[in-house]
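The values are calculated or read from the model by the stated rules, or taken from the named source; none is laboratory data. Small disclaimer: the values here were computed from a predicted structure and weren't measured. Methodologically, a virtual Cβ is constructed for each residue, glycine included, from the backbone with ideal geometry; neighbour enumeration extends over all protein chains shown.
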Amino acid sequence: MMSDLEFELIRRKRLLEMTKHLEKKAEEARKEPEQKTRPDDVLNRFLIDRAWEVLEAARLQHPRAAKEVENALMKLILSGNIKDKVTGEELYHLFHRLGFRIRLKTQIRVLEHGKLMNLEDKIKRDIMSS
């Protein structure tokens, strides 16, 4: 038969094991949101159309400003203040209002006979054929 002292030692040992297990689970839970809230993952759910193109151009041309805008967008998205998708045009205008000109590569394409082609290629082809 177990004495009261043996019983108490077993109980304390079990309690210590359970406490360590709960602390480990709590630590994992604290680390988990950090891994899930990567900026690109969050922004990917809200940036549409050419928004990524604008953001990438801003990262190259104005790295500090782009990082600040990213952080602000992240905070607004995570706090629930931004619920709608953000288009490239809206992001472009945001940078413009903040005083940062973002240069984007633009192309003019023409639909001819069911095919899209660059305007430059169409003009070259038209000149050569005339």
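Would you mind finding the one in Lys25, Lys75, Lys20 that is assigned to a helix (DSSP H, G or I), without any contact (Cβ under 8 Å) to a residue 60 or more places away in the chain and under 25 Å from Arg101 (Cβ atoms)?
Working: Lys25 fails: under 25 Å from Arg101 (Cβ atoms); Lys20 fails: under 25 Å from Arg101 (Cβ atoms).
Every option except Lys75 fails the conditions.
Is there a residue in segment 57-64 that is under 30 Å from Arg103 (Cβ atoms), in a helix (DSSP H, G or I), at pLDDT 85 or above and more than 17 Å from the chain's Cα centre (by Cα)?
The first filter runs over segment 57-64 and keeps only residues under 30 Å from Arg103 (Cβ atoms), leaving 57-64.
Next, from what is left, pick out any that are in a helix (DSSP H, G or I): 57-61, 63-64.
Still in the list and also at pLDDT 85 or above: 57-61, 63-64.
Still in the list and also more than 17 Å from the chain's Cα centre (by Cα): 61.
Looking through segment 57-64, at least one residue is under 30 Å from Arg103 (Cβ atoms), in a helix (DSSP H, G or I), at pLDDT 85 or above and more than 17 Å from the chain's Cα centre (by Cα).
Answer yes or no as to whether Phe95 is assigned by TED's automatic domain parsing to the domain that holds Leu47, touching a His at 6+ places or on another chain (Cβ under 7 Å) and at pLDDT 90 or above. Can you show your working first?
Numbers: assigned by TED's automatic domain parsing to the domain that holds Leu47: yes; touching a His at 6+ places or on another chain (Cβ under 7 Å): no; at pLDDT 90 or above: yes.
The answer is no for Phe95.
Going through segment 109-119 one residue at a time, which ones are modelled with pLDDT of 90 or more and not in a strand (DSSP E or B)?
Selection gives Gly114, Leu119.
Would you call Arg64 assigned by TED's automatic domain parsing to the domain that holds Phe46 and among the charged types (D, E, K, R)? Show your work before the answer.
Values: assigned by TED's automatic domain parsing to the domain that holds Phe46: yes; among the charged types (D, E, K, R): yes.
Yes; evaluated as a whole, the condition is true for this residue.
Tally time: how many residues in segment 99-125 are touching a helix residue (DSSP H, G or I) at 6+ places or on another chain (Cβ under 7 Å) and surrounded by fewer than 12 Cβ atoms within 10 Å (Cβ to Cβ)?
3
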